[in-house]
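The structure appears right after this line, and notes come after that.
The numbers here are math on the coordinates, done by the rules we state, and not lab data. What you see is a predicted model, and the numbers here were worked out from it, not measured in a lab. In this analysis, Cβ positions are derived from the backbone assuming ideal geometry, glycine residues included, and neighbour counts consider all displayed protein chains.
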Amino acid sequence: MILDSHQHFWQLDLPFDYGWLGRAEHAAINRSYLPADLLPHLRTAGVDATIFVQTQHSLEENRWVLKLAEQNAFIAGVVGWVDLSSECCEEQLQEFVIQPKFCGVRHITQDEPDDDFIIRPDVLRGLRVLERYAVPFDLLFYVRHLRHAAALGRQLPDLPMVVDHLAKPQIRLGELDQWRLDLRRAAECGNIYCKLSGLVTEADWVRWTVADLRPYVETALECFGVERCMFGSDWPVCELAGGYEDVVGAMRELTSGLSTAERARIFGGTAVEFYGLEAGAGETATT
């Protein structure tokens, strides 16, 4: 099974905060994106199933997407949101952990004004709730936040965590040094994984090449191994720099030197294991 571990939906007429889509640089994706828009791309690219990842700090988005997942078998899992800083965090989580396709939690840490948000005592308390319930957590970081990953890995050794988009390295500038150092430190914690996702939008949107992405993917594979790396498209955000098929094709080229078994880990096995999905979950998009 080929599994895309990271994609989004949004519907502009719903009462959610899509203000970021109104920025001039995001005009190309300032419209609704729903399962019917993604399905043709999955079939063309040979992708069987996907995992939706939250876009809102909203329990209502969880409920909306879980309904979409019930109606669309190719959505194998839903990474939603709960308020980690709230004393009601556990109560909120209990509503969703009983849903078969609810498989993780994310917070848009990159947008928090406090760069140390993720290690605040109240947030750590919420993360410990996730740890008790064995609910994985997606780390949406910029490079400046990546220094916190190793500390989290040590403090929460039983909480599976994954670094989304490799913490958004400055690919367009070719910067590697500090990012590579902090990524290696994160990888020393066996409960931290990484997503090979969101890379084309960190490169030059118009002129990026597979060669631009290669040093970052090779570093991630060196640090984490195929056992802790997973592919994600970041669709439809990726459309700012390339189509769905372009992103899948680039990752296939970047991993072409690996064995069949190693590619199977990156394109499905790692995510199935990390998110605790049933083998074959959502295997319908290409049938």
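For q = 0.15 Å⁻¹, what log10 I(q)/I(0) does the chain give under the Debye formula with an equal point scatterer on each alpha carbon and no solvent?
These q points yield log10 I(q)/I(0) values of -1.18.
Show me, for the stretch 100-108, the HN-Hα J-couplings you get by feeding each phi into the Karplus relation (A = 6.51, B = -1.76, C = 1.60, θ = phi - 60°), rounded to Hz, glycine and proline as x.
Rounded to whole hertz, the list is x, 9, 6, 10, x, 9, 9, 10, 7.
Rounded to the nearest 0.05, what FRET efficiency do THR286 and GLU112 give with R0 = 45 Å and r taken as the Cβ-Cβ distance? Could you check?
In this case the efficiency is close to 0.75.
Give, rounded to the nearest 20 debye, the magnitude of the charge dipole that the chain has about its Cα centre when Lys and Arg contribute +1 at Cβ and Asp and Glu contribute -1 at Cβ.
The calculated dipole for the chain is roughly 460 debye.
Lysines within cross-link reach of LYS101: Cα-Cα under 16 Å, excluding same-chain residues under 8 positions apart?
Of all the lysines, those that pass the test against LYS101 - Cα under 16 Å, at least 8 places apart if same chain - are LYS67.
Scan around HIS107 for amide H atoms under 5 Å from its own, H built in the peptide plane at 1.01 Å from N, and keep only partners 5 or more places away or cross-chain.
When sequence neighbours closer than 5 places are left aside, the close amide H contacts are ASP138, LEU140.
To the nearest µm²/s, what D does Stokes-Einstein give for the stretch 169-287 at 37 °C and 0.692 mPa s, using the Kirkwood radius over alpha carbon pairs as Rh?
The diffusion coefficient I find is 219 µm²/s.
With charges only on Cβ, +1 for K and R and -1 for D and E, what is the dipole size of the stretch 128-192 about its Cα centre, in debye, rounded to 20?
Using Cβ point charges on Lys, Arg, Asp and Glu, the stretch 128-192 gives about 140 debye.
So what's the net charge close to GLU70: Lys and Arg +1, Asp and Glu -1, counting the other residues with Cβ under 12 Å from its Cβ?
+3
Sum -39500 (n - 2.57) across every DSSP H segment of at least 4 residues in the chain, then divide by the residue count to get the 222 nm mean residue ellipticity, nearest 500.
That calculation yields -10500 deg cm²/dmol at 222 nm.
Per 0.36 nm of contour for each residue apart, how much would the distance between ALA28 and ARG154 grow if the chain were fully extended, relative to their Cα-Cα spacing?
Stretched fully, the ALA28-ARG154 segment lengthens by 41.3 nm.
Using a cut-off of 19 Å between alpha-carbon atoms, which lysines can reach LYS168, once sequence neighbours fewer than 8 places away in the same chain are excluded?
LYS168 reaches LYS195.
Can you sort SER259, SER5, SER58 from fewest to most other Cβ atoms within 10 Å of each residue's own Cβ?
SER259, SER58, SER5
Can you give me the Cα centroid spacing of the stretch 73-101 and the stretch 174-253 in angstrom?
26 Å
Tell me, what HN-Hα J-couplings in whole Hz come from the Karplus equation 6.51 cos²θ - 1.76 cosθ + 1.60 at θ = phi - 60° for each residue of the stretch 52-64, using x for Gly and Pro?
6, 10, 4, 10, 10, 8, 8, 5, 5, 5, 3, 5, 4
Considering the options ALA187, TRP208, LEU176, tell which one lies farthest towards the positive end of the dipole of the stretch 173-224, charges being +1 on Lys and Arg and -1 on Asp and Glu at the Cβ, about the Cα centre.
The residue sitting most towards the positive pole is ALA187.
Give the residue list of chymotrypsin sites (Phe, Trp or Tyr not before Pro) in the stretch 195-287 that are DSSP loop and have at most 11 other beta-carbon atoms within 10 angstrom.
Qualifying residues, ordered by number: none.
How many nm separate the modelled label positions at VAL206 and ALA73, each set 7 Å beyond the Cα in the direction of the Cβ?
It works out to 4.5 nm between the two label points.
Exposed loop GluC sites (Glu not before Pro) only (DSSP loop, at most 15 other Cβ atoms within 10 Å): please give the longest stretch of the chain free of them, not including the sites.
Here the longest segment lacking exposed loop sites spans 189-277.
Under 8 Å for C-alpha pairs, at least 6 residues apart: give me the relative contact order for the stretch 176-257, rounded to a whole percent.
For the stretch 176-257, the relative contact order is 37 percent.
Could you work out the relative contact order of the chain, using alpha carbon pairs under 8 angstrom and six or more residues apart, expressed as a whole percent?
Across the chain, relative contact order equals 23 percent.
Considering the dipole of the stretch 1-110 built from charges on the beta carbon (Lys and Arg +1, Asp and Glu -1) around the Cα centre, which of ALA49, SER85, GLN11 is farthest to its positive end?
Projecting each Cα onto the dipole axis, the largest value belongs to ALA49.
If you take every residue apart from SER256 with its C-beta less than 15 Å away from the C-beta of SER256, what net charge results, scoring Lys and Arg +1 and Asp and Glu -1?
+1
What nm value, rounded to one decimal, do you get for the distance between ARG132 and ASP37 when each label is placed 7 Å out toward the C-beta?
3.9 nm
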